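Below you'll find the structure, written out as structure tokens, and then a few comments.
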Amino acid sequence: MRALIVIDVQNDFCPGGALAVGDGDEIVAPINALMADFEAVVLTQDWHPAGHSSFASQHPGKAPFAMTEMDYGPQVLWPDHCVQGSEGAQFHPKLETTRADLIIRKGFRPAIDSYSAFFENDHATPTGLEGYLRTRGISELVMVGLALDFCVGFSAVDAANLGFGVTVVGDHCRAIDLDGSLAAATTNMQNAGVTLR
Ligand code: VGL
Ligand code: ZN
């Protein structure tokens, strides 16, 4: 069985949002059109409590997009985004959410960020998505969404390492591209055996 995994197509990652990814809204219609081809559709939703530790606003003297060291390793500091219950955390209004079998939220623990839909940024704390997919007999994943070089890329690498067959459709993604992050994500996906098309 094959699932379409739609990563973080939320207002804050679209033009006008707090952490806008260039042309992020252009992928909404093509993603909607793709859903009919899949037996399962899963949406992920970045879902941070106010004052989340990945927000630059919580680190005096640090600007958005600066790096810091967390207990679990290096972490980019982001503008406040996708705060639980906010307009910015809602899915893009044109995203076809009724078709989704599962909506999985991530990044809700105050002290740890979660780019991947499978593990938080300590690469150890599971989100539960692996168990959901396996118990449904899903072994092939197609991933699309925002942002290609962060949440899509980390999700794809984790999924491939867990043994899923993974394809990322580049046309249906957009990237932040911060200090070479897109090149790094591309290399990491290729090394993990992710198919990029
Ligand atoms: C994302 C940065 C922070 C993403 C989420 O969805 O790619 N990036 N939170
Ligand atoms: Zn986030």
Notebook entry, point to check: Exactly one of (1) more than 21 Å from Gly145 (Cβ to Cβ); (2) surrounded by fewer than 16 Cβ atoms within 10 Å (Cβ to Cβ); (3) of a type outside the set (Gly, Ala, Ser) is unmet by Asp23. Its number?
Noted result: (1)
Next item on the list: Go through the stretch 157-184 and give me each residue that's over 13 Å from the mean Cα position of the chain (by Cα), part of a strand (DSSP E or B) and charged (D, E, K, R).
Entry: Asp171
Note to self: So for the stretch 100-108 (the condition being basic (Lys, Arg), within 15 Å of ligand 2 (Cβ to nearest atom) and surrounded by fewer than 21 Cβ atoms within 10 Å (Cβ to Cβ)), does at least one residue qualify?
What the structure shows: yes
Notebook entry, point to check: How about the stretch 1-103: which strands (runs of 3 or more DSSP E) wholly inside it have at least 1 residues that are more than 30 Å from Gly137 (Cβ to Cβ) and under 15 Å from the mean Cα position of the chain (by Cα)?
Noted result: 73-76
Margin query: Please go through the stretch 126-157 and give me each residue that is within 16 Å of ligand 1 (Cβ to nearest atom) and over 18 Å from Leu182 (Cβ atoms), ordered by number.
Written below: Thr127, Leu129
Notebook entry, point to check: Hey, among the residues in the stretch 129-156 that are β-branched (Val, Ile, Thr) and not in a helix (DSSP H, G or I), which one's nearest to Pro15 (Cα to Cα)?
Noted result: Val144
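One line per residue, one yes/no per condition, for (1) buried (at least 16 other Cβ atoms within 10 Å of the Cβ); (2) of a type in the set (Val, Ile, Thr); (3) more than 21 Å from Glu39 (Cα to Cα):
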position	(1), (2), (3)
Arg136	no, no, no
Val144	yes, yes, no
Asp149	yes, no, yes
Gly163	no, no, no
Val169	yes, yes, no
Arg174	yes, no, yes
Notebook entry, point to check: So Phe119 clears everything in (1) of a type outside the set (Ser, Thr, Tyr); (2) more than 12 Å from ligand 1 (Cβ to nearest atom); (3) exposed (fewer than 15 other Cβ atoms within 10 Å of the Cβ) except one condition, right? Which one?
Noted result: (3)
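Here, each number is a calculation from the coordinates, and none is a lab measurement. This structure is a prediction, so every number in the text was calculated from the model and none was measured. For neighbour counting, all protein chains shown are included, and Cβ atoms are generated from backbone atoms with ideal geometry for every residue, glycine included.
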